[in-house]
Amino acid sequence: MSLPIVEAAYKKEKPETEQIPFGRTFTDHMFVMDYEEGKGWHKPRIVPYEPLTLDPAAMIFHYGQTVFEGLKAYRTDDGRVLLFRPEKNFERLNLSGDRLSIPPVDEDEVLGYLKELVALEKDWVPEFEGTSLYIRPFIIATEPSLAVAPSKSYKLMIIMSPVGPYFSGGIKPVTINVEDQFTRAVKGGTGMAKTAGNYSSGYQAQAKAAKEGNADVLWLDGVEKRYIEEVGSMNIFFKIDGEIVTPALSGSILQGITRTSIIEVLKKWEIPVTERRISIEELYEAYEQGKLEEAFGTGTAAVISPVGELNWLGKKMVINDHEIGALSQELYDTITGIQRGRKEDSFGWTIEV
Ligand SMILES: Cc1ncc(COP(=O)(O)O)c(C=O)c1O
């Protein structure tokens, strides 16, 4: 089935450089679908990218009933366009939606619509090394009502934005502050959902970290402030004495698709990987004993972001001399190789549009 398309009257200029600021340029078209109680999700369509008209009482503005996703389309050397495990994003959209009392979408159907949108905007997938087309599906509550209750109407939209490389000139280890004051999420809260409030509530910690020269924040659990959770928009892995450890999904951590993929790659390589609770004290002890060999964040934005330094309560852990670890590099090369069609996709993770 083909979607109804309203063509944009004029086409915007596409960026001619790899230095594209994140999330500021949008493609010519977007996908929209509506939900109404009793009618379900209906009227899928592609329309020109344009501002929305919403009632000021629309519930999204008042109680934050919204969820979103983030994935990318990659250009291969021979000009094809690939998506990386997009079905996982729609699976997670529904998981997040369930937590926020948003009605589920048909995941296969919406993936089909996404493919039509990407196919239409194919020329927007940039070619320069490290660039991609960032895809942002999101759902907002649209019912005009100030009642504190789930909305009876929603909009699902997909917008797309060409983005530059996360690190220009190859991956670089970053410095991260271990946050000891603010809390991102607690078990039973919304930490496992990709929803707006989880991000804006982290801005203060982010600003505090940046003031002291850190690129990001490493969150600890909200109850004891001991157990490591995740970084701003990445999951975290450590190599301790040859073993790879990542915090287990506790209900307050986002189930990253890169995280899942890294675990699957490590298992295939027969490298021991454990999902468990890991405290910051245990990490510091491993560091003092010279056993903390590598640390890296994982996420759609950077794929792998090596951590060169962790700052925790005035204590500094310099990891692998601020150098990229061998494992971090190998994982980065493997995942980006699959995403860009340069390495054999033996997992069957990519979908050609
Ligand atoms: C809070 C948070 N953790 C982890 C991730 C990494 O998830 P993924 O690998 O699916 O991009 C993201 C990014 O989406 C995130 O926002």
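The values are calculated or read from the model by the stated rules, or taken from the named source; none is laboratory data. Just so we're clear, the structure is a prediction, and the values are computed from it rather than from any experiment. Positions of Cβ are generated from backbone atoms using ideal geometry, with glycine treated the same way; all protein chains shown enter the neighbour counts.
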Being of a type in the set (Val, Ile, Thr), farther than 28 Å from PRO15 by Cβ and in contact with a Gly (Cβ under 9 Å, 6 or more places away or on another chain): is that true of VAL178 here? no
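Might you let me know whether region 342-349 holds any residue that is aromatic (Phe, Trp, Tyr), in contact with a Lys or Arg (Cβ under 9 Å, 6 or more places away or on another chain) and under 30 Å from TYR284 (Cβ atoms)? Let's see the steps before the verdict.
First, the residues of region 342-349 that are aromatic (Phe, Trp, Tyr): 347, 349.
Next cut, in contact with a Lys or Arg (Cβ under 9 Å, 6 or more places away or on another chain) only: 347, 349.
Narrowing further to those that are under 30 Å from TYR284 (Cβ atoms): none.
The answer is no, given that none of the residues of region 342-349 is aromatic (Phe, Trp, Tyr), in contact with a Lys or Arg (Cβ under 9 Å, 6 or more places away or on another chain) and under 30 Å from TYR284 (Cβ atoms).
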Go through the residues of region 44-59 one by one and say whether even a single one is touching a residue at least 24 places away in the same chain (Cβ under 8 Å), within 14 Å of the ligand (Cβ to nearest atom) and closer than 20 Å to VAL118 by Cβ. no
Filter region 253-268 for residues that are in contact with a strand residue (DSSP E or B) (Cβ under 6 Å, 6 or more places away or on another chain) and either more than 10 Å from the ligand (Cβ to nearest atom) or among the polar types (S, T, N, Q) (or both); the one that is nearest to TYR199 (Cα to Cα) is THR258
Residue tally, condition hydrophobic (A, V, I, L, M, F, W, C) and more than 27 Å from the chain's Cα centre (by Cα), over region 273-287: 1
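With the requirement that a residue be among the aliphatic types (A, V, I, L, M) and in a loop (DSSP other than H, G, I, E, B), what does region 2-40 give you? Walk me through it before giving the result.
Step one: of region 2-40, the residues among the aliphatic types (A, V, I, L, M) are 3, 5-6, 8-9, 20, 30, 32-33.
The answer is LEU3, VAL6, ALA8, ALA9, ILE20.
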Report the residue count in region 285-316 for those that are aliphatic (A, V, I, L, M), touching a helix residue (DSSP H, G or I) at 6+ places or on another chain (Cβ under 7 Å) and surrounded by fewer than 20 Cβ atoms within 10 Å (Cβ to Cβ). 0
Restricting region 207-249 to residues that are touching a residue at least 60 places away in the same chain (Cβ under 8 Å), over 18 Å from ARG277 (Cα atoms) and surrounded by 13 or more Cβ atoms within 10 Å (Cβ to Cβ), which is farthest from the ligand (Cβ to nearest atom)? ASN214
State all residues of region 163-206 that are surrounded by fewer than 20 Cβ atoms within 10 Å (Cβ to Cβ), in contact with a strand residue (DSSP E or B) (Cβ under 8 Å, 6 or more places away or on another chain) and of a type in the set (Gly, Ala, Ser); if no residue qualifies, say none. ALA196
Qualifying positions in region 64-82 - in contact with a Leu (Cβ under 7 Å, 6 or more places away or on another chain) and within 13 Å of THR336 (Cα to Cα): LYS72, ALA73, TYR74, THR76
May I ask you to list the residues in region 159-181 that are assigned to a loop (DSSP other than H, G, I, E, B) and more than 14 Å from the ligand (Cβ to nearest atom)? GLY164, PRO165, PHE167, SER168, GLY169, GLY170, ILE171, LYS172, PRO173, ASP180, GLN181
Looking at region 123-143, is at least one residue of a type in the set (Phe, Trp, Tyr), buried (at least 19 other Cβ atoms within 10 Å of the Cβ) and either more than 16 Å from MET33 (Cα to Cα) or in the same structural domain as GLU323 (by TED's automatic domain parsing) (or both)? yes
Can you name the residue in region 70-123 that is without any contact (Cβ under 8 Å) to a residue 60 or more places away in the chain and not in a helix (DSSP H, G or I) and, of all such residues, is farthest from MET160 (Cα to Cα)? SER101
Among the numbered criteria (1) touching a residue at least 12 places away in the same chain (Cβ under 8 Å); (2) surrounded by fewer than 21 Cβ atoms within 10 Å (Cβ to Cβ); (3) out of contact with any Phe, Trp or Tyr (no Cβ under 7 Å at 6 or more places or on another chain); (4) assigned by TED's automatic domain parsing to the domain that holds ARG226, which single criterion is violated by ILE319? (2)
